[in-house]
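To start, the structure itself, in structure tokens.
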Amino acid sequence: MNITRVTSKKSFSLGLIGIILVLLATLPLYAAGYTPILLTSIFMYIILSVSWTLFSGPTGYMSLATAAFFGVGIYTAAFLGELLPLPVFIAAGGLVSAIVALLVGALTLRLRGIYFAIFTFGLVMLISQLLMFWELHFTGTRGRFVIVIDYNTIYYAMLVIFVVLMLTAYFIRRSRWGLALQSIGENEEAAAHIGINVTWVKVIHFAVSAFFIGAAGATIATRWTYIDPGIAFNPLFSFLPVLMAIFGGIGQLYGPVIGAIIFAYLQEILITRFSELYMLIFGLILVVAILYMPNGLVGLIQKWWTGGLRRKHADT
């Protein structure tokens with residue numbers, strides 16, 4: 001009976017996911033205009049928050065380097081956009097970001113706690129200032145234009161990155177690598193004692209998460225058309241994915257997705273109507289989420305659901 005129930009639940013979940021993907025893939029055919037543009041932004045934030053959770057969720061390492069990898073992907077598109085086809089320079093943006101993450105991770109993932117968080121945020125500022133110095137003193141510019149791609153093509157590119165990321169995160173969580181990451185997060189010393197190469201595992205996952213962040217950056221750059229270090233390495237791209245993931249809940253893979261959808265849509269509304277207050281509102285929501293929803297929105301819903309089932313069984 002339980003096996004039948006589990007099988008039915010999996011079939012229902014797969015069918016629902018399939019329907020959603022079909023609707024998303026055909027959306028530009030029946031919802032042209034602003035909707036694909038909005039969904040492109042939502043996909044971008046989902047990719048950033050899920051990528052952040054892919055590494056920081058199980059390990060407990062608070063990485064604030066998201067804006068660095070995102071900006072590297074953006075600048076890769078600026079340099080290669082007119083030379084290479086769209087899929088190639090998107091992949092190049094992800095690859096360059098992954099290489100940067102490998103180099104940085106090999107040097108810094110021996111740090112822990114606040115030291116790692118400070119260094120990763122400093123990396124954002126360092127790369128931004130280096131690029132600013134290079135452009136001002138060697139190229140005589142402050143920014144550069146990026147090749148223009150139509151909105152529907154950008155939408156489909158972001159959708160493909162999203163799907164590949166979710167599949168990657170799903171299989172990693174159910175692999176030995178995922179178990180190794182979880183062990184590192186629970187007790188890093190114990191994980192090392194049982195034979196896990198903790199530094200190597202952390203560096204590889206850090207690079208994998210950076211790949212998708214860089215690919216998203218290279219894709220969204222074609223929508224912005226003009227970028228400079230201040231735009232590409234905006235610190236908000238380090239903090240907003242953390243906020244979205246914490247609000248949604250990092251315990252489940254769909255938690256950051258829900259958090260990113262809610263906050264990305266909320267950001268669109270607040271920027272247009274309350275442009276001077278939206279960051280204050282975001283900050284208040286973050287404080288409330290940390291104080292009253294330690295496991296995020298998903299954890300809160302699961303708690304209510306479990307409590308409701310217990311009361312139902314108690315009544316019967």
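Residues in the stretch 221-253 that are of a type outside the set (V, I, T) and over 12 Å from the mean Cα position of the chain (by Cα): 17 in all. T139 meets each of the listed conditions (1) at pLDDT 85 or above; (2) out of contact with any helix residue (DSSP H, G or I) (no Cβ under 6 Å at 6 or more places or on another chain); (3) polar (S, T, N, Q) apart from (1).
Scanning the stretch 257-316 for residues that are part of a loop (DSSP other than H, G, I, E, B) and at pLDDT 70 or above gives F274, E276, L277, M293, N295. A Cβ distance below 8 Å, combined with a sequence gap of six or more or placement on separate chains, defines the contacts here; from the stretch 80-94, residues that are more than 16 Å from T153 (Cα to Cα) and in contact (Cβ under 8 Å) with a residue 24 or more places away in the chain reach residues that are of a type in the set (S, T, Y) and surrounded by 21 or more Cβ atoms within 10 Å (Cβ to Cβ) in the pairs A92/T76; G93/T76; G93/T219. In this structure, S97 does not qualify as modelled with pLDDT of 90 or more, of a type in the set (G, A, S) and in contact with a Pro (Cβ under 6 Å, 6 or more places away or on another chain).
Selection within the stretch 72-119: residues that are within 19 Å of V198 (Cβ to Cβ) and of a type in the set (F, W, Y). The member of this set that is surrounded by the fewest Cβ atoms within 10 Å (Cβ to Cβ) is Y115.
Results for (1) closer than 16 Å to A218 by Cα; (2) among the β-branched types (V, I, T), shown as yes or no for each residue.
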| position | (1), (2) |
| --- | --- |
| S51 | yes, no |
| L54 | no, no |
| A68 | yes, no |
| G71 | yes, no |
| E82 | yes, no |
| A91 | yes, no |
| I118 | no, yes |
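Would you point out the residue of the stretch 28-55, among those that are assigned to a helix (DSSP H, G or I) and without any contact (Cβ under 8 Å) to a residue 40 or more places away in the chain, that is nearest to G296 (Cα to Cα)? Out of the qualifying residues, it is T35.
The values are calculated or read from the model by the stated rules, or taken from the named source; none is laboratory data. Every value quoted in this text rests on a predicted model; they were computed, and no experiment measured them. A quick note on method: Cβ atoms are made from the backbone with ideal geometry, for glycine too, and the neighbour counts reach across all protein chains shown.
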